[in-house]
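Rule-based calculations on the coordinates, nothing more; no lab input. A quick note: this is a predicted structure, and the numbers were derived from the prediction, not measured. No Cβ is skipped: glycine too gets one built from the backbone with ideal geometry, and neighbour counts run over all protein chains shown.
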Amino acid sequence: MLRGSGCLPRASLAPAAVLAAALLASLSRCSLLEPQDLVVSPLSQYFGTKTRYEDANPGLLPDPEAPRRDPELLENCTPVQLVALIRHGTRYPTSKQIRKLRQLHGLLQARGPGEHRADAAGGRDLGAALADRPLWYADWMDGQLVEKGRQDMRQLALRLSSLFPGLFSRENCSRLQLVTSSKHRCVESGDAFLKGLWQHYHPGSPAPDVADMECGPPRINDKLMRFFDHCEKFTTEVESNNTALYHVEAFKTGPEMQKVLKKVAAILQVPVNNLNADLIQVAFFTCSFDLAIKGVKSPWCDVFDTDDAKVLEYLNDLKQYWKRGYGYAINSRSSCTLFQDIFQHLDKAVEQKKRSQPVSSPVILQFGHAETLLPLLSLMGYFKDKEPLTAYNYKEQMHRKFRSGHIVPYASNLLFVLYHCKNAKTSEDEFRVQMLLNEKVLPLAYSQETVSLYDDLKNHYKDILQSCHASEECKLPKMNNTSDEL
Ligand SMILES: *[C@@H]1O[C@H](CO)[C@@H](O)[C@H](O)[C@H]1NC(C)=O
Ligand SMILES: *[C@@H]1O[C@H](CO)[C@@H](O)[C@H](O)[C@H]1NC(C)=O
């Protein structure tokens, strides 16, 4: 379905000039190393935060104009500002994951010779095949952005700039603001995005160094993009608290995981006692990394069927839920500075438009992590299930809303688009906001409407806007000091 999608212009309904530019741009993109075919696996939809963007977004903008078709926005509105919160693109595994993979690989290589045999069904010995297969991951990779990740960002830039040609016009480029987490993969993602914009402006010509571009330059701000590191209540009560992730640990030893462990032990012909949920999970992730980074379906994928994959997806979601989502209030409250920052940008644009001044920052790009997006979406009330995700309700949560692979795949993005409108009846100025998640309209969490008056949106979130202050929220409760007084 997505055959060759990386090299075909997607702007099927765009004006001819845009089409021509997109064609040129995609021709030049084709000369880069880009997979022509998207290799798919039935496991692809269960990779959680390691999901490829195109797996979470199968009908990836065959028509990039679609989100603007909202009749309400088409007739009397023009976009005046875009605030985009973007997760970095596809990345290498972290050194911790690579270490665990080596451990598992070593385990397979150490199997006794007597254990090497064809499996009962007469198939090949998968364990031996995996043991003989060299690991191509190295320590230096440690979570860095891969070439596919740069491509994710360039293509996102090309799609967003054809979706909002005015906001991303060359003239507005010097007013573009780019803020990023200090992590290498985020900084690199910002650079790749700017290079994608360059392709949009100068189809066919090689992009210069980001420092020499008129857009940007990137500014690092970890307080904003990695707020979780700066929130003492979160780091103490959740991040470095062994009991906070109780349900994750309990699920690792629960019946669903035991079943997977036994199956995998039999397939790999290793004693089940040598395996644990962490090692199984890293094998599963290796399938996802090989697919996302190299575009190959590796034999690590053959270890699992979709039932196993669903259990491993739940394990990943449980962790996100308790560490980044609704599990603890502080997870989302720690993001309120970012939430307020977004609304300050929107406020400023509204004020400037009201005074008929040019908007000083038509485009604001913020590069962060899944850990940046999930708390913010939770703060806003998205993907909230009636019951919490626990170690004991795997079955009941089969159809849960909180599926991180659908929400925060690589390159996931949450867009706030501010529109300036003329009311058709009164011809008064109005401001409206539409949100897009991964380039699809995200209806308001509280009304299901696809567009909101800016004032209504602010009114709905007034408690957070007025009374959520990270300095207060992130303070640790006062110890009761009775022992000090002795
Ligand atoms: C720059 O962005 C503003 C929106 O803030 C828009 O009104 C204006 O038309 C854009 N400039 C160009 C040249 O498109
Ligand atoms: C760790 O988490 C548990 C469960 O939420 C909580 O009861 C406990 O107070 C936390 N410990 C610390 C040191 O915050």
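Of all the Cα-Cα pairs you can form in the range 155-196, what percent are over 12 Å apart?
Numbers: 548 of 861 pairs.
Within the range 155-196, distances greater than 12 Å cover 64 percent of Cα pairs.
Say the dipole of the chain comes from +1 at the beta carbon of Lys and Arg and -1 at that of Asp and Glu; which of Ser205, Tyr394, His460 then lies farthest toward its positive end?
Ser205
Using a Förster distance of 45 angstrom, determine the FRET efficiency expected from the C-beta separation of Lys223 and Arg99, and round it to 0.05.
0.90
With every atom except the alpha carbons ignored, what do you get for Rg and Dmax of the range 270-333, in angstroms?
Every Cα atom of the range 270-333 included, Rg and Dmax give 14.5, 45 Å.
Place a +1 charge on the Cβ of each Lys and Arg in the chain and a -1 charge on the Cβ of each Asp and Glu, then give the dipole magnitude about the Cα centre in debye, rounded to the nearest 20.
Using only the charged Cβ atoms, the result is roughly 480 debye.
What ranking, highest mean first, results for peptides 444-455, 322-333 when packing means the other Cβ atoms within 10 Å averaged over each residue?
Highest to lowest by the protection proxy: 322-333, 444-455.
May I ask you to derive the FRET efficiency for Ser427 and Gln352 from their Cβ-Cβ distance with R0 = 22 Å, giving the value to the nearest 0.05?
The computed FRET efficiency comes out at 0.60.
Between Asp305 and Ala266, what length in nm is gained on full extension when 0.36 nm per residue of separation is reduced by their alpha carbon distance?
Values: separation 39, 0.36 × 39 = 14.04 nm, distance 1.35 nm.
Between Asp305 and Ala266, full extension yields an extra 12.7 nm.
Computed from the mean reciprocal separation of all distinct C-alpha pairs, what Kirkwood hydrodynamic radius does the range 330-418 have, in Å?
The Cα-based Kirkwood calculation yields 15.3 Å.
With each pseudo-label sitting 7 Å past Cα toward Cβ, what's the Asp455-Lys478 distance in nm, one decimal?
Inter-label distance under the simple model: 4.2 nm.
Based only on other Cβ atoms within 10 Å, what is the fewest-to-most ordering of Val238, Val260, Val408? Please list the in-between numbers first.
On the way: Val238 20, Val260 24, Val408 27.
Ordered by Cβ neighbours within 10 Å, fewest first: Val238, Val260, Val408.
Considering the alpha-carbon set of the chain alone, what are its Rg and its Dmax in angstrom?
In Å, with Rg to one decimal and Dmax whole: 24.0, 85.
Let me spell out the model: positive unit charges on the Cβ of Lys and Arg, negative unit charges on the Cβ of Asp and Glu, origin at the Cα centre of the range 336-486. What dipole size does that give, in debye rounded to 20?
Result for the range 336-486 is approximately 500 debye, rounded to the nearest 20.
Hey, what number do you get for the chain at 222 nm if only DSSP H runs of n ≥ 4 count, each worth -39500 (n - 2.57), divided across all residues, to the nearest 500?
-12000 deg cm²/dmol
Of Thr372, Thr426, Thr235, Thr49, how do they rank once you tally other Cβ atoms within 10 Å and put the fewest first?
By the 10 Å Cβ count, ascending: Thr426, Thr235, Thr49, Thr372.
Where in the range 266-307 is the amide nitrogen less than 16 Å from a point lying 7 Å along the Cα-to-Cβ axis of Lys259?
266, 304-307
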